[in-house]
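Okay, so here's the structure we're looking at.
The values are calculated or read from the model by the stated rules, or taken from the named source; none is laboratory data. These numbers come from a predicted model, not from an experiment. Don't worry about glycine lacking a Cβ; one is built from the backbone with ideal geometry, like all the others, and counts go over all protein chains shown. Please note that ligands, DNA and RNA were not included when accessible areas were found on the heavy atoms of the full protein model with its side chains. Shrake-Rupley method; radii C 1.70, N 1.55, O 1.52, S 1.80 Å.
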Amino acid sequence: MRHIILAIFTVLALVACGGGGESSNSSFSGTKTFGSTSFSCSSESAQNSCTSSTNCSSCTCTTGCTSGTPITATCAVAGTTLTATTAGCTGEASGVKTFVCDGTKLVMLSGTGHTAAAVIAGGSTFGGSGITVGGITINCS
């Protein structure tokens, strides 16, 4: 009887402490893909951020990556008009977006932390300036 109680106590102690079996130091690994660009995220919060807002700056680009510096400039705003640039900028238009003027086209990608090349490669392209998104008119400078 004493051995049975000791065995039950040992099992309960291992379960309560997370002991026994494999290590409890498992690491999170998740992937999120937008178009031809994939990101590897090492934490659930980074993947959730990338999933919900396309802000993948806390994840590592693994495929379809473009080199360059992430766009950090804020677009100029006057009233309900946002002015994007060829270097790229971020602004609010039905959520935070990154904008790049590419020749005669405006390219827009949800989220921040993107390079200009990534926006051009994976964003939505509009044939010119003066598009309206969420009540904000977006022009190229």
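Quick look at the numbers
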{"item": "Karplus 3J(HN,Hα) series, Hz, for segment 80-87 with 6.51 cos²θ - 1.76 cosθ + 1.60 (x for Gly, Pro)", "result": "10, 10, 10, 10, 8, 10, 6, 6"}
{"item": "Gained length - Ser141 relative to Glu44, 0.36 nm times residue gap less alpha-carbon distance", "result": "31.1 nm"}
{"item": "Sites Phe28 and Thr63 - FRET efficiency at Förster radius 25 Å, r taken between beta-carbons, to 0.05", "result": "0.80"}
{"item": "Solvent-accessible surface ranking, highest first, for Val133, Val107, Val77 at 1.4 angstrom", "result": "Val77, Val133, Val107"}
{"item": "Heavy-atom SASA rank of Thr85, Thr69 (probe 1.4 Å, accessible area, largest first)", "result": "Thr69, Thr85"}
{"item": "Charge tally in the Cβ shell below 12 Å around Gly88, where Lys, Arg are +1 and Asp, Glu are -1, Gly88 excluded", "result": "0"}
{"item": "Accessible surface of Phe99 - all protein chains present, 1.4 Å probe, nearest 10 Å²", "result": "0"}
{"item": "Cys75, Cys61, reordered so the largest accessible area comes first (probe 1.4 Å)", "result": "Cys61, Cys75"}
{"item": "With DNA, RNA and ligands ignored, accessible area of Glu92 (1.4 Å probe; Å², nearest 10)", "result": "110"}
{"item": "Solvent-accessible surface (1.4 angstrom probe) belonging to Thr31, in square angstrom, nearest 10", "result": "90"}
